[in-house]
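Structure record follows, encoded as structure tokens.
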Amino acid sequence: MTKYVFVTGGVCSGLGKGITASSIALLLKAKGYKVFMQKFDPYMNVDPGTMSPIQHGEVFVTADGCETDLDLGHYERFIDEELNYTSNITNGKIYSSVIEKERKGDFLGATIQIVPHISNEIKNKIYEAGITSKADVVITEIGGTVGDIESSVMMESLRQFRLEIGKENSLFVHTTLVPYLYGSNELKTKPTQNSIIELRRLGIQPDILVTRSNISLTESIRKKIALFGSIPTNNIIEAVDATNIYEIPINFHKQEIEKIILNQFNLPVRQSKLKYWQDLIDSVNNLKEEIEISLVGKYTELHDAYLSVVESLKHAGYKYGTKIKIQWVDSETLEKDKDLEKIFKNTKGIIVPGGFGNRGTEGMIKAINYARVKNIPYLGLCLGMQLAVIEFARNVCNIKDASSTEFDELCKNPIIDLMSDQKSIINMGGTLRLGNYECTLKKDSLAHKFYGEDKILERHRHRYEFNNKYRELLEEKGMVFSGINESANLVEIVELPTQSFFVACQFHPEFKSRPTRPHPLFDNFIKASLKQK
Ligand code: GLN
């Protein structure tokens, strides 16, 4: 039978619940168990796809095409397993599915109530993750903070869930904050105590406590928390601020968190296979060089809007012993800037990631133009590919009004246009071209060399496409269309082979990069940037 670990958060947000959940999953996997992960988000959007990245951060896309919370990116990077539609559940999803069933008449005769109808739906989503993944352990993180109105039904469902399957099959990890007060110069346990009380009020007694603090807990603090929280002292796992997130699993391993979990589940505690992860940390802690990469986008005020891109750059950096210093360039400000020389003075590579809408796109085009003319390595992702093609059409092929119908519906030269199957779509949510699509790589192209494969699968999230009417013209001028989705005849990768590095793709390679396995496009982009004088 599948076992279930629930990770809740107390005191405040931003304590690293996602990293805690991912670390636990990684450690259980390292003990030879099959793990699967799930996140519950208590908002009413069906998915984060319709939210502004500035509010919510990046939308992570799973292979099966779900638009999900950015924590799923952490999960995949830590456990290196593909997640799917069962991995991100929101209140919006739960409520709309219950209401849909009500309309169909599935509950005829009944009054539909939060308990049991909504709570049953939530529990079913947890069971579904266990059944479909066939995992030994499913780790479910509950978004928000215990005590929030939004997540109260989720907590009630977890209480019922434990009653149904018992303590030997379910385990609660509660993450809290133990703040250090300057002046009295001590760690304070009251916020943690109160958040455990809040959890108990909802009928849940945590089994393990993960305490975030900036210094180590003293023995007396530990005893105090254990006493008030009715938790064995050994089950208090301290999460002292770490210099990089990849160290956290090892910190937890030293405190034997996975042993506590496996003991409660009556599962054998095998040897851990963690050398690969320790090697990773050693290389992360020994980066010799540093290079500056400019990331040009319109959501730069919230770095989390580009989380997977940033992580992918770092992963490639680890391989070359190089720290990546990101220069965040706001594309809208860049539109007015005259002195690009000054802005990109120390930059060894330029990247334009994904985005939606017209705002700031002329600034991105300006940056791409600068990269091309000055022969600075350029990597374009999704919107960054569309704009690279527009820049090339305008400035190399002399199509001065080249644009995308996303920015100007009536433009005369729509180099980027709506796909025909997108034209009839009215709803905005969940209707982009999403998830894995196959791409065939052109022999002798850079892309083919980087991947070392003829066919690849990459994840997508876009509505617009390169307009094939312009293919021949651009090809004549030297652009190589090196990746094609053959079944729909869609351009997936473009490159300029005469440049030091100029590759742009319609998909999002950042979702597939792993700390121990950088994505080939990021890998070669950083490699080229390191050669830049
Ligand atoms: N806005 C563009 C489109 O919808 C690009 C999307 C993206 O960059 N993710 O096609």
Exercise. Do you know which residues across segment 403-460 are among the basic types (Lys, Arg), out of contact with any Cys (no Cβ under 9 Å at 6 or more places or on another chain) and at pLDDT 95 or above?
Worked result: Lys412, Lys442, Lys443, Lys449, Arg459
Problem set entry | Conditions (1) part of a loop (DSSP other than H, G, I, E, B); (2) small (Gly, Ala, Ser); (3) within 16 Å of the ligand (Cβ to nearest atom): number failed by Ser487 | (3)
Problem set entry | segment 334-354, residues that are assigned to a helix (DSSP H, G or I) and farther than 24 Å from Ser308 by Cβ | Glu335, Lys336, Leu340, Glu341, Lys342, Ile343
Exercise. Can you find a residue in segment 433-446 that is in contact (Cβ under 8 Å) with a residue 60 or more places away in the chain, buried (at least 18 other Cβ atoms within 10 Å of the Cβ) and aromatic (Phe, Trp, Tyr)?
Worked result: yes
Exercise. How many residues are more than 18 Å from Gly147 (Cα to Cα), out of contact with any strand residue (DSSP E or B) (no Cβ under 6 Å at 6 or more places or on another chain) and free of Cβ contacts under 8 Å to residues at least 24 places away in the same chain if we restrict to segment 169-217?
Worked result: 6
Problem set entry | Top-ranked residue of segment 347-364 - restricted to ones that are away from the ligand (no atom under 14 Å from the Cβ) and not basic (Lys, Arg), ranked as surrounded by the most Cβ atoms within 10 Å (Cβ to Cβ) | Ile350
Exercise. Across segment 379-412, what is the number of residues that are closer than 15 Å to Gly360 by Cα and polar (S, T, N, Q)?
Worked result: 3
For this session: Evaluate segment 371-378: report whether one residue or more is under 28 Å from Ala63 (Cα atoms) and free of Cβ contacts under 8 Å to residues at least 60 places away in the same chain.
Result: no
For this session: Look through segment 355-385, keep the residues that are of a type in the set (A, V, I, L, M) and not in a helix (DSSP H, G or I), and return whichever of them is nearest to Glu510 (Cα to Cα).
Result: Leu381
For this session: May I ask you to verify whether Ser97 is buried (at least 21 other Cβ atoms within 10 Å of the Cβ), more than 13 Å from Phe511 (Cα to Cα) and in contact with a helix residue (DSSP H, G or I) (Cβ under 8 Å, 6 or more places away or on another chain)?
Result: no
Problem set entry | Residue that is farthest from the chain's Cα centre (by Cα) [pool: residues in segment 210-257 that are within 21 Å of Leu181 (Cα to Cα) and among the hydroxyl-bearing types (Ser, Thr, Tyr)] | Ser220
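Mind checking whether some residue in segment 114-123 is at pLDDT 95 or above, in a loop (DSSP other than H, G, I, E, B) and under 30 Å from Pro232 (Cβ atoms)?
Looking for residues that are at pLDDT 95 or above, in a loop (DSSP other than H, G, I, E, B) and under 30 Å from Pro232 (Cβ atoms), one finds none in segment 114-123, hence no.
Just to verify a result, which residue in segment 282-299, among those that are outside any strand (DSSP E or B) and surrounded by 18 or more Cβ atoms within 10 Å (Cβ to Cβ), is farthest from the chain's Cα centre (by Cα)?
Of everything passing the filter in segment 282-299, Val284 is farthest from the chain's Cα centre (by Cα).
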Exercise. Pairs under 6 Å by beta carbon, first residue closer than 22 Å to Gln422 by Cβ and buried (at least 22 other Cβ atoms within 10 Å of the Cβ) in segment 464-476, partner modelled with pLDDT of 95 or more and among the polar types (S, T, N, Q), six or more apart or different chains?
Worked result: Tyr464/Ser404
Problem set entry | Matching option when the condition is under 19 Å from Leu26 (Cα atoms) and out of contact with any Asp or Glu (no Cβ under 6 Å at 6 or more places or on another chain), among Ser220, Ser184, Ser170 | Ser170
Problem set entry | Extreme residue, farthest from the chain's Cα centre (by Cα), among residues of segment 369-385 that are more than 14 Å from the ligand (Cβ to nearest atom) and crowded, with 24+ Cβ neighbours inside 10 Å | Ala371
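For every residue, the table says whether it meets (1) surrounded by fewer than 24 Cβ atoms within 10 Å (Cβ to Cβ); (2) among the hydroxyl-bearing types (Ser, Thr, Tyr); (3) more than 18 Å from the chain's Cα centre (by Cα).
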{"residue": "Gln38", "(1), (2), (3)": "no, no, no"}
{"residue": "Thr50", "(1), (2), (3)": "yes, yes, no"}
{"residue": "Val59", "(1), (2), (3)": "no, no, no"}
{"residue": "Leu70", "(1), (2), (3)": "yes, no, no"}
{"residue": "Phe78", "(1), (2), (3)": "no, no, no"}
{"residue": "Ser87", "(1), (2), (3)": "no, yes, no"}
{"residue": "Lys93", "(1), (2), (3)": "yes, no, yes"}
{"residue": "Ile112", "(1), (2), (3)": "yes, no, yes"}
Exercise. When only residues in segment 499-533 that are within 21 Å of Glu438 (Cα to Cα) and part of a loop (DSSP other than H, G, I, E, B) count, which is farthest from the ligand (Cβ to nearest atom)?
Worked result: Pro518
Exercise. Can Gly430 be described as in contact (Cβ under 8 Å) with a residue 60 or more places away in the chain, on the phi > 0 side of the Ramachandran plot and in contact with a Pro (Cβ under 8 Å, 6 or more places away or on another chain)?
Worked result: no
For this session: Among the numbered conditions (1) within 25 Å of Phe511 (Cβ to Cβ); (2) within 13 Å of the ligand (Cβ to nearest atom), tell me where Trp328 comes up short.
Result: (2)
Exercise. Looking at segment 433-480, which of its residues are of a type in the set (A, V, I, L, M, F, W, C) and under 22 Å from the mean Cα position of the chain (by Cα)?
Worked result: Leu434, Ile456, Leu457
Seminar exercise, completed: Scanning segment 498-533 residue by residue, the ones that are β-branched (Val, Ile, Thr) and farther than 27 Å from His462 by Cα total 2
Exercise. For segment 321-333, which residues satisfy the criterion of being of a type outside the set (D, E, K, R) and either assigned to a strand (DSSP E or B) or touching a helix residue (DSSP H, G or I) at 6+ places or on another chain (Cβ under 6 Å) (or both)?
Worked result: Thr322, Ile324, Ile326, Gln327, Trp328, Val329, Ser331
Exercise. Is there a residue in segment 28-42 that is in contact with a His (Cβ under 6 Å, 6 or more places away or on another chain) and not in a strand (DSSP E or B)?
Worked result: no
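Residue-wise test of (1) modelled with pLDDT under 95; (2) over 27 Å from Thr2 (Cα atoms).
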| residue | (1), (2) |
| --- | --- |
| Glu186 | yes, yes |
| Thr192 | no, yes |
| Ile197 | no, yes |
| Ile204 | no, no |
| Pro249 | no, no |
| Phe252 | no, no |
| Glu292 | no, yes |
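The values are calculated or read from the model by the stated rules, or taken from the named source; none is laboratory data. Quantities reported herein were computed from a predicted structural model and do not represent experimental measurements. Every residue, glycine as well, gets a Cβ built from its backbone with ideal geometry; the counts of neighbours run over all protein chains shown.
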